[in-house]
Amino acid sequence: QQQQQQQVAEEEEKKKGTASMLRGSGKHMYDLVVVGGGSGGVRASRIAAGHGAKVALVEASVNHGPPTYSAIGGTCVNVGCVPKKLMVYGSSYREEFEHAAAFGWSKGSATHDWATFMEKKDKEISRLNGIYGRMLGGAGVEIVEGWGKLKGTNEVVVSKPDGEEVSLTAETILIAVGGWPFKPDIPGIEHAITSNEVFYLKELPQRTVVVGGGYIAVEFAAILHGFGSEVTLMYRRDLFLRGFDKDLREHLKTEMERTSMNLQFNTNVAKIEKNGDGSFTVTTDSGDTVECDCVLYATGRKSKTEGLGLESAGVETDKAGNIPVDEYSRSNVDNIYAVGDVTDRINLTPVALHEGHCFADTMYGKKDRKPDHEYVASAVFSHPEIGTVGYSEEDAADKFKNITVYKSTFRPMVHTITGLESKALMKLIVDDNTDRVVGAHMCGPHAAEILQGVGIAVKMGATKADFDATIGIHPTSAEEFVTMRTPSHKYKDGVKQSNL
């Protein structure tokens with residue numbers, strides 16, 4: 001009977017996707033060692049400790065800034081989402097001041113002090129570093145400052161800032177090291193900065209070349225332009241934000257072209273040269289040149305797995321250095337897991353948080369939780385913003401075959417007074433077989449805030465009839481999502497129809 005009960009218990013563990021654990025057995029120093037104190041690592045360690053596990057978290061630094069740049073809280077808190085959003089706020093005031101005159105406010109001579117802003121930004125990030133440290137300590141997580149490297153399947157060797165090496169052993173290891181900005185090997189690339197260094201510029205560049213076409217490039221082009229820098233955005237393809245809905249991409253391009261920003265598509269940088277006066281000359285492969293004071297490369301990020309010692313544990317990586325994992329975030333080695341950008345699933349902070357939480361609940365909370373990567377809302381803090389959830393029109397047509405697209409383009413109310421010829425775009429994509437809204441997209445003011453609410457409805461499976469039955473809040477841009485009645489176009493068997 002005892003043998004039968006044991007077999008039943010083992011089967012239940014398998015169903016939950018959990019690994020066996022020797023908590024309190026004394027075989028290892030910790031139940032869990034987490035390598036990387038970013039969003040996924042912090043969440044996983046805190047929740048695991050809350051479930052009773054003995055946890056150590058390894059992070060290179062507890063304070064932000066060069067040379068590590070990232071610290072407790074990860075890329076998002078230190079050199080990502082949080083300081084970027086502060087910069088988005090700061091860069092928006094120049095245009096706000098200009099618009100204020102149209103509403104009768106006296107237009108004074110507004111100037112900006114870059115040093116003051118950066119000092120306040122640094123102070124806020126330091127405050128957050130402290131909060132994360134105290135939060136982890138309060139949860140019972142031991143923070144080990146230094147660079148961690150695997151030595152076999154159950155040991156992490158940490159090189160501490162003072163040169164000392166310490167060895168941590170654990171039943172389970174979680175890799176949550178995130179990514180690092182990538183720069184191509186071209187002549188003069190050492191003169192370019194990345195999304196790390198841009199947060200520590202001593203002064204605002206008067207002229208900036210931003211290279212890249214992802215959301216980081218687009219966002220910083222808008223930020224620096226907003227602060228007053230003369231920006232040239234270079235991208236090697238014909239349109240930025242590949243992977244987003246095409247209407248959104250084209251709409252944002254049109255809006256950005258209304259400004260003085262110089263957009264150069266189908267453009268490759270051949271070399272960067274530093275001039276005698278400290279400025280730079282960027283030369284493209286077609287021979288064109290642009291003079292600037294700063295070159296910012298935002299051409300993607302790579303998983304930070306080099307030098308991590310994964311080979312000593314037999315952990316497999318793909319050609320790009322990412323760690324492939326199963327539906328429970330387990331690597332090919334049974335007791336080694338990975339979450340966040342290092343797995344290259346959906347590289348967003350809230351997704352890393354979700355993956356880390358699911359891991360901790362499954363491993364230590366006796367819950368069966370697999371990360372759900374469908375209908376994840378996201379935003380691009382461009383100018384204007386993009387908010388999106390669900391499938392793009394192109395992907396929806398490919399997956400659902402028969403879809404109806406609703407689209408509205410209009411001038412936001414504020415600009416009826418400012419006179420600005422800027423427009424907002426809103427879009428719904430509906431699966432004709434179920435009437436479910438499978439995509440909602442917006443490019444316009446406050447798009448991120450609006451799509452967070454819409455994202456709940458889409459995730460819950462709301463139908464177009466549900467949207468239609470919802471009474472809008474008037475006057476808002478957001479109400480357009482519940483007032484679109486006339487289809488823009490349809491797809492049948494995956495093919496766009498010429499008429500309705």
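Report the rotationally averaged projected area of region 69-118 based on its alpha-carbon convex hull, in square nanometres. Each step should come with its number before you reach the end.
On the way: hull surface 17.0 nm².
If you wrap the Cα atoms of region 69-118 in a convex hull and average its projections, you get 4.2 nm².
Using alpha carbon coordinates only, what is the Rg to Rh ratio of region 259-355, with Rh defined as the Kirkwood radius? Walk me through the intermediate numbers first.
Values: Rg = 20.0 Å, Rh = 16.9 Å.
That ratio is 1.18, to two decimals.
What FRET efficiency comes out for residue 113 versus residue 92 if R0 is 22 angstrom and r is the Cβ-Cβ distance? Round to the nearest 0.05.
Numbers: r = 16 Å, r/R0 = 0.74.
My answer for the efficiency is 0.85.
At 1.4 Å probe size, with every protein chain present, just tell me what the per residue accessible area of region 183-288 comes to in Å².
On the way: 4650 Å² over 106 residues.
About 44 Å² of surface per residue is accessible.
Using a 1.4 angstrom probe on heavy atoms only, work out the carbon and sulfur share of the accessible area of the chain in %. Mind dumping the intermediate values first?
On the way: 11740 of 23930 Å².
Its accessible area is 49 percent carbon and sulfur atoms.
Just the Cα atoms of region 331-449: what Rg and Dmax do they give in Å?
18.8, 62
What number comes out for the charge environment of residue 29, summing +1 per Lys or Arg and -1 per Asp or Glu over other residues with Cβ under 12 Å away? Let's see the in-between values first.
Numbers: positive: 27, 54; negative: 31, 142, 155, 171.
Net charge around residue 29: -2.
Could you tell me the convex hull volume per residue, in Å³, taken over the Cα atoms of region 394-469? Can you show the working numbers first?
Values: hull volume 7.3 nm³, N = 76.
Each residue corresponds to 96 Å³ of Cα convex hull volume.
Need the C-alpha centroid separation for region 124-167 versus region 400-467, integer Å.
Distance between centres, Cα-based: 43 Å.
At a Förster distance of 45 Å, what's the computed FRET efficiency of residue 493 paired with residue 27, Cβ-Cβ distance as r, to 0.05?
Working: r = 58 Å, r/R0 = 1.30.
Efficiency, from the Cβ-Cβ distance: 0.15.
Any aspartates and glutamates with Cα under 17 Å of the residue 490 Cα? List them, leaving off those in the same chain fewer than 8 positions away.
245, 247, 393, 394, 395, 398, 431, 432, 435
Enter the accessible area per residue of region 289-410 (Å², integer; probe 1.4 Å; all protein chains in place).
Details: 5080 Å² over 122 residues.
Here the per-residue accessible area is 42 Å².
In a Debye calculation with equal point scatterers on the alpha-carbon sites of region 374-500 and no solvent, what is log10 I(q)/I(0) at q = 0.10, 0.18, 0.19, 0.22 Å⁻¹?
-0.30, -0.95, -1.04, -1.32
Please say if region 304-394 is rounded, prolate or oblate, where rounded means a/c under 1.5 for a ≥ b ≥ c the square roots of the C-alpha gyration tensor eigenvalues, and otherwise the choice is prolate for a/b larger than b/c and oblate otherwise? Working shown, then result.
Details: a/c = 2.47, a/b = 1.49, b/c = 1.66.
Oblate, because a/c is 1.5 or more while a/b does not exceed b/c.
So for the chain, what are the equivalent ellipsoid semi-axes in whole Å, largest first, each being the square root of 5 times an eigenvalue of the Cα gyration tensor?
Working: eigenvalues 329, 202, 89 Å².
Listed largest to smallest, the semi-axes of the chain are 41, 32, 21 Å.
For the chain, just give the cysteines left without a disulfide-compatible partner, judged by no other Cys Cβ under 4.7 Å.
Cysteines lacking a close Cβ partner in the chain: 292, 294, 358, 443.
Setting aside same-chain residues fewer than 8 positions from residue 84, which lysines have a Cα under 26 Å from its Cα?
In chain and number order, the partners are 120, 121, 123, 183, 202, 246, 253, 302, 304, 423.
Give the calculated FRET efficiency between residue 367 and residue 262 to the nearest 0.05, with a Förster radius of 51 Å applied to their Cβ-Cβ distance.
Working: r = 52 Å, r/R0 = 1.02.
E(calc), rounded to 0.05, equals 0.45.
Per 5 Å bin from zero, what fraction in whole % of the C-alpha pairs of region 136-263 is there, up to the bin with the longest pair?
Pair shares across the bins are 2, 8, 14, 15, 12, 10, 9, 10, 10, 8, 3, 0.
If you take every residue apart from residue 191 with its C-beta less than 15 Å away from the C-beta of residue 191, what net charge results, scoring Lys and Arg +1 and Asp and Glu -1?
Details: positive: 183, 207, 271, 274; negative: 185, 190, 197, 273, 277, 291, 293.
Once all neighbours under 15 Å are counted, the net charge is -3.
Using only alpha carbon positions, build the gyration tensor of region 222-267, then give the equivalent ellipsoid semi-axes as the square roots of 5 times its eigenvalues, largest first, whole angstrom.
Working: eigenvalues 71, 32, 15 Å².
For region 222-267, the ellipsoid semi-axes come out as 19, 13, 9 Å.
State whether region 228-312 is rounded, prolate or oblate according to the following rule on the C-alpha gyration tensor (a ≥ b ≥ c being the square roots of its eigenvalues): a/c under 1.5 gives rounded; otherwise a/b larger than b/c gives prolate, and the remaining case gives oblate.
Oblate is the answer for region 228-312, as a/c is 1.5 or above yet b/c matches or exceeds a/b.
What does the extension gain come out to for residue 289 and residue 102, with contour length at 0.36 nm per residue minus their alpha carbon separation?
Numbers: separation 187, 0.36 × 187 = 67.32 nm, distance 3.83 nm.
Result for the pair: 63.5 nm of gain on full extension.
Over region 70-172, average the accessible area per residue using a 1.4 Å probe and give it in Å², no decimals.
Roughly 54 Å² per residue, with all protein chains present.
The values are calculated or read from the model by the stated rules, or taken from the named source; none is laboratory data. Treat the numbers as computed from the prediction; the structure is a model and nothing was measured. Using ideal geometry, Cβ is built from the backbone for each residue, glycine included, and neighbour counts are taken over all protein chains shown. The protein model used for the area step is the full one, side chains on, heavy atoms only, and it has no ligands, DNA or RNA in it. Shrake-Rupley method; radii C 1.70, N 1.55, O 1.52, S 1.80 Å.
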